[in-house]
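The values are calculated or read from the model by the stated rules, or taken from the named source; none is laboratory data. Computed from a predicted model, the values in this text were never measured in an experiment. Cβ: placed from backbone, ideal geometry, glycine included. Neighbour counts: every protein chain shown. When the accessible area is computed, the model is the full protein with side chains, heavy atoms only, and any ligands, DNA or RNA have been set aside. Shrake-Rupley method; radii C 1.70, N 1.55, O 1.52, S 1.80 Å.
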Amino acid sequence: MSEFSRYVLVAIFTSALVTFIYIREDKKEEKDSKNDIIYSFLMSNFLILQFYFKIYQNIGLAIMVSIFVYFVIWAIYKLYTDSKRGSKLLENKNEPKWRVLFISISFILLASLSFLELEDGATVYSYNKSDFRKILIISIFFVSYIRIILDLKVLKRILFEKDIWRRAFIISEIILILILALGSAYNIKNVNRFDFYVESEDYQETSGEELWEI
């Protein structure tokens with residue numbers, strides 16, 4: 001099975017699973033808490049970053065740094081809200097809203113930096129040029145669909161009021177989807193900027209030696 005076939009199967013299975021969970025949670029009487037939704041939204045963003053890391057193999061450092069930064073911010077926020085002065089912040093009804101918006105905006109920055117980090121001549125190790133382009137095309141639709149499902153959940157449970165927080169979140173998510181889509185489209189059009197290891201002479205020589213050893 002080719003790398004492209006694996007990505008198609010993963011995309012279909014994940015999309016179906018996310019859709020099933022969304023419909024199931026929407027129908028059940030017991031709803032997830034706002035903190036659970038925010039945590040799920042945050043982890044889903046990291047998984048999307050991991051998905052692109054698997055494709056480009058260039059943003060592993062960005063993922064590690066972002067996890068560390070989020071941990072530091074969470075620790076500071078936790079210590080502050082545990083104090084008498086900070087505990088009042090939890091009583092503010094807008095507190096979950098700005099947390100979600102912060103996550104969305106921060107991932108706009110991470111996505112932008114990840115694409116800007118790619119340089120001409122970067123090596124793609126796992127697949128050939130043809131599979132690479134097809135996988136990027138699939139990723140545009142796959143990631144956009146996953147984000148829309150996640151956004152609907154946030155909009156229904158946290159940002160259900162038609163206020164400035166809701167509008168800001170929708171705009172930020174549209175910007176994020178556009179960055180991911182346009183970044184992928186640019187690399188599809190300019191695929192020759194990458195070096196594909198599986199099409200290189202070094203890979204063929206290594207493969208031949210491995211076959212001889214077997």
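Brief remarks on what is shown
- Taking each of Lys93/Lys162; Lys84/Lys156; Lys27/Lys97; Lys34/Lys153 in turn, the alpha-carbon distance tops 20 angstrom for Lys84/Lys156; Lys27/Lys97.
- Label-to-label distance for Ser144 and Tyr77 is 3.0 nm, based on points extended 7 Å past Cα in the beta-carbon direction.
- Paramagnetic reach from Leu182 in the range 88-123 [backbone N under 20 Å; point 7 Å along Cα→Cβ]: 104-120
- Probe 1.4 Å - accessible area at Asp82, Å² to nearest ten: 110 Å²
- If the segment from Ile12 to Asn192 were pulled out straight at 0.36 nm per residue, it would be longer than the present Cα-Cα gap by 62.0 nm.
- Most to least packed among 95-105, 10-20 [average Cβ atoms within 10 Å]: 95-105, 10-20
- Under-5 Å amide H pairs with Phe196, H placed in peptide plane, nonlocal only: Val124
- Qualifying trypsin sites (Lys or Arg not before Pro) in the range 100-189, where qualification requires a DSSP coil assignment and no more than 10 other C-beta atoms within 10 Å, comprise Lys162.
- Working note: Debye formula, equal point scatterers on the alpha-carbon atoms of the range 91-167, no solvent; log10 I(q)/I(0) at q = 0.13, 0.20, 0.21, 0.22 Å⁻¹ is -0.60, -0.99, -1.05, -1.10.
- FRET efficiency for Lys34 and Glu199, using Cβ-Cβ distance with R0 set to 45 Å, rounded to 0.05: 0.40
- Accessible carbon and sulfur surface of the range 120-190 relative to its total accessible area, %, 1.4 Å: 68 percent
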